[in-house]
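Asks: Quick one: structure below, then a few questions.
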Amino acid sequence: MARGPGYSRLVRYLKIVLPMAAVVLLSTIFLIDQDRIDFDESLLGELPEGLDFEEGVLSPRLAGELADGTPYSLRAEFAVPVLSGYRLRDVTARVERELDPVEMIAAEGVYSGDDKQLTLSGGVDLHTQSGAQLVTDSAVVGLNDRSLSLPSPLELTSPGAQLRANSLRTEQMPTGDDIIWFEGDVRLSIDPDRMAEETE
Amino acid sequence: SQPFSSFRHDSSQPVEIASDRLGVSQQAQTAEFIGNVEVLQGALTLRADQMLVSYDQGTGDIRQMVATGNVLLSSGTEAAEGQSADYNVETGFLEMQGDVLLTQGQSALSAQSMRINLNEGTGEFAGRVRTVFVPQSQ
């Protein structure tokens, strides 16, 4: 119902910000795809006396490149093997996207090798350098089906725009296109002037 | 006042869009608002069962907004109802189809379709136009 810079900025954000949540969260899962976490060798050497691997490893850290060559890094305060995967604490993942790096922080994470699923909980905060941010309580990222679901209320903000919903899930279409569904009490508000200011 | 004259929108105004669901498709470059859709901007309110926003592949600019099902565009002084409304953002024209009705105070005009220029607050009907005047109470 409107024209002008605000709307195109909105769409650019819709186009960039919304799928980004999936990219970062899915990138996090790809990092643990090999069913084990590649610990930084030097770190293993500095483990406190008496802490054997079964009890867990302090600040596992790994870095590499995504399929498209974008550098990434993942670290956790602590990782301990659980039945078929890992429990992580204070997880931080960064994807060094050119011009606008993305960082995601989650209090806890459980990676299950059986169903190839990473569940992040205790508060998930994903933000970009340019000021876009997605905040929710938990996230479930599926490796096999590249699915992402945020089962609790979420708020997505970027300069001049704000989107709230009760939950989010991605749906893979036969055409290979991912649709991101925001469900329940969806509220999108845009302030074209603020958007225009932020991007001048 | 002239019919349609209050249907002018100011794109610098904040916009609020509410709905039950929103589906964003990267590939199709669309955002689909579904269920109890309400769009507020300045004095204008658009309500519909569903609204599909599609945007330009290259620039990301919004190209078109198609609202379907119980569409109501109101400005506070006038209201236009119909079964669907197709808004071309580039030209500023909103085409409403399906037993359209324009009400302004006590009078109402009905036709098969209407075309409103939201940039200028002008409009025209198409198909058989019927005018309904409701006499003012003495």
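The values are calculated or read from the model by the stated rules, or taken from the named source; none is laboratory data. Note that the coordinates shown come from a computational prediction; the quantities given were computed from them, not determined experimentally. Because the Cβ atoms are built from the backbone with ideal geometry, glycine has one as well, and the counts that use them run over all protein chains shown. Side chains included, ligands, DNA and RNA excluded: accessible areas come from the protein's heavy atoms. Shrake-Rupley method; radii C 1.70, N 1.55, O 1.52, S 1.80 Å.
Asks: Given the residues B:G98, B:G76, B:G123, B:G82, which is the only one that is in a loop (DSSP other than H, G, I, E, B) and away from every other protein chain (no Cβ under 14 Å)?
Replies: When all the criteria are applied, what remains is B:G76.
Asks: Name the single residue that is surrounded by the fewest Cβ atoms within 10 Å (Cβ to Cβ) among those in the stretch B:7-38 being more than 7 Å from chain A (Cβ to nearest Cβ) and in a loop (DSSP other than H, G, I, E, B).
Replies: B:D10
Asks: Let me ask another. When you scan the stretch B:39-52, how many residues do you find that are over 17 Å from A:A165 (Cβ atoms), assigned to a strand (DSSP E or B), in contact (Cβ under 8 Å) with a residue 24 or more places away in the chain and more than 7 Å from chain A (Cβ to nearest Cβ)?
Replies: Counting residues in the stretch B:39-52 that are over 17 Å from A:A165 (Cβ atoms), assigned to a strand (DSSP E or B), in contact (Cβ under 8 Å) with a residue 24 or more places away in the chain and more than 7 Å from chain A (Cβ to nearest Cβ) gives 4.
Asks: Moving on. Please verify whether A:V80 is at negative phi, among the aliphatic types (A, V, I, L, M) and crowded, with 16+ Cβ neighbours inside 10 Å, treating the condition exactly as stated.
Replies: Taking the combined requirement at face value, the residue does not satisfy it.
Asks: Filter the stretch A:149-169 for residues that are at pLDDT below 85, out of contact with any Lys or Arg (no Cβ under 7 Å at 6 or more places or on another chain) and facing another protein chain (nearest Cβ under 10 Å) and give the result.
Replies: A:A161
Asks: So, one more: Tell me yes or no: at least one residue of the stretch B:72-95 is over 16 Å from the mean Cα position of the chain (by Cα), of a type in the set (S, T, N, Q) and open to solvent by 20 Å² or more (accessible area, probe 1.4 Å).
Replies: Within the stretch B:72-95 (the criterion being over 16 Å from the mean Cα position of the chain (by Cα), of a type in the set (S, T, N, Q) and open to solvent by 20 Å² or more (accessible area, probe 1.4 Å)), the answer is no, since none of the residues qualifies.
Asks: Starting from residues that are touching a strand residue (DSSP E or B) at 6+ places or on another chain (Cβ under 7 Å) and assigned to a loop (DSSP other than H, G, I, E, B), keep the ones in the stretch A:154-177 and report whichever is nearest to B:S25 (Cα to Cα).
Replies: A:D177
Asks: Taking the stretch A:90-126 only, how many residues are assigned to a strand (DSSP E or B) and not aliphatic (A, V, I, L, M)?
Replies: 14
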